1. Taking K and R as +1 and D and E as -1, what net charge do the other residues with C-beta under 13 Å from the C-beta of Ala2 add up to?
2. Using DSSP to define loop residues, name the chymotrypsin sites (Phe, Trp or Tyr not before Pro) in the chain whose beta-carbon has at most 11 other beta-carbon atoms within 10 Å.
3. Relative to the longest principal axis of the chain, what angle (0 to 90°, nearest 10) does the C-alpha long axis of helix 20-32 take?
4. Need one number for the range 1-64: average projected area of the convex hull over its C-alpha atoms, nm².
5. Extension gain Trp53-Ala7, at 0.36 nm per residue separation less the Cα-Cα distance, in nm?
6. Might you tell me the accessible area per residue for the chain, computed with a 1.4 Å probe and given in Å²?
7. Which of Ala71, Phe61, Val41 sits farthest toward the positive end of the charge dipole of the chain, with +1 on the Cβ of Lys and Arg and -1 on the Cβ of Asp and Glu?
8. Which percent of the accessible area of the range 1-58 is formed by carbon and sulfur heavy atoms (probe 1.4 angstrom)?
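The values are calculated or read from the model by the stated rules, or taken from the named source; none is laboratory data. Everything numeric here is computed off the predicted structure, so don't read it as measured data. Virtual Cβ from ideal backbone geometry, glycine too; neighbours counted across all protein chains shown. When the accessible area is computed, the model is the full protein with side chains, heavy atoms only, and any ligands, DNA or RNA have been set aside. Shrake-Rupley method; radii C 1.70, N 1.55, O 1.52, S 1.80 Å.
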Amino acid sequence: MALSYKARRRWSLFLLLVALPVYIVLMIWVIAQFDRPPFWVELLIYVGSGVIWAFPLKAVFKGVGQADPDAPSDPLN
């Protein structure tokens, strides 16, 4: 079942304002549990974890910035 436009907008707002900051703090905490790796390894970890979160959520964010396709057209035009 596909999410409606309104549901995608709400989920994307929740993900960006709540879940993403929690994910960032969690990743920093997990990486801090280990000895500090070399700079390039640490950079790869942060870049990788910064990109990985977006792939499963691509469907939620797709088309959210566009006009609502389910909205009725303006009867005055």
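1. Net charge in that neighbourhood comes out at +2.
2. Details: sites: Tyr5, Trp11, Phe14, Tyr23, Trp29, Phe34, Phe39, Trp40, Tyr46, Trp53, Phe61; in loops: Phe34, Trp53.
Answer by residue number: Phe34.
3. On a 0 to 90 degree scale, this one is about 10.
4. 5.0 nm²
5. Working: separation 46, 0.36 × 46 = 16.56 nm, distance 1.94 nm.
Difference between extended and current length: 14.6 nm.
6. 85 Å²
7. Working it through, the farthest residue towards the positive pole turns out to be Ala71.
8. Carbon plus sulfur share of accessible area: 76 percent.
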